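S.K.: The structure follows.
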Amino acid sequence: MPLLTQTALVLIGVLLAAWTAGAGWFVLDARRRARKGEAVLRQARKLGRMVDESPALPLLVRADGRIEGPARLAGWLGFDAMPGYLSELDAEGRGFDEVQLSRLSDAVRKAQKTGAPFRMALTPKGGTRSLAAHGHLADPQVSPGGSALVWFFDFSE
């Protein structure tokens, strides 16, 4: 009497073939997803580089006053690194003077509460730059919770 019948051997063969086909499908699917992930990363790097090279730089002001912005904008304002809060943009010899920062803070708060956009011209302390600030309520996908997005344009010549 054979140890395994012919039917059992066929069933084991079919099971192994299905297992191999399933494993192959998972490998191909993983490779497809990896390629798609690499394409998304390339696109993100490209878009990030475009923002870095653009004539306008963003500053995200959260509802609690915390700010996020690129190092290039910090340089425009005379800082080595972007301060943590909007109120810290008034530093000795750097950032904005008290009056300009107050105007900017008021406009940002109004945009956060009412959604009203604003535009203003600002000049950082001790510099020759002239900056245009265009602000509005940030898209919830960018930052939920009533943040404002301020775009700074350097129109110095």
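S.K.: If you average 1/r over all unlike Cα pairs in segment 1-53 and invert the result, what Kirkwood radius do you get in angstrom?
M.R.: After inverting the mean inverse Cα-Cα distance, the result is 14.8 Å.
S.K.: If the only charges are +1 at each Lys and Arg Cβ and -1 at each Asp and Glu Cβ, what is the size of the charge dipole of segment 14-102 around the Cα centre, to the nearest 20 debye?
M.R.: 1080 debye
S.K.: So for each of 65-78, 22-35 I average, over its residues, the number of other beta carbons within 10 Å; can you give me the resulting order with the highest mean first?
M.R.: Highest mean packing first, the order is 65-78, 22-35.
S.K.: Let me spell out the model: positive unit charges on the Cβ of Lys and Arg, negative unit charges on the Cβ of Asp and Glu, origin at the Cα centre of the chain. What dipole size does that give, in debye rounded to 20?
M.R.: With Lys and Arg at +1 and Asp and Glu at -1, about 700 debye.
S.K.: Quick one: give the max-minus-min coordinate of the C-alpha atoms of the chain along each principal axis, largest first, in Å.
M.R.: Per principal axis, max minus min of the Cα coordinates gives 99, 33, 24 Å.
S.K.: From the C-alpha gyration tensor of segment 82-142, pull out the three semi-axes of the equivalent ellipsoid (sqrt of 5λ each), sorted largest to smallest, in whole Å.
M.R.: The three semi-axes for segment 82-142 are 22, 13, 11 Å.
S.K.: For segment 1-93, state the semi-axes of the equivalent ellipsoid (square roots of 5 times the eigenvalues of the alpha-carbon gyration tensor), sorted largest first and rounded to whole angstrom.
M.R.: Semi-axes, largest first: 63, 15, 8 Å.
Laboratory data are not the source of any read-out in this text; all were calculated from the coordinates shown. Everything quoted here is computed from the prediction, not taken from an experiment. Please note: Cβ atoms are built from the backbone with ideal geometry, for glycine as well, and neighbour counts cover all protein chains shown.
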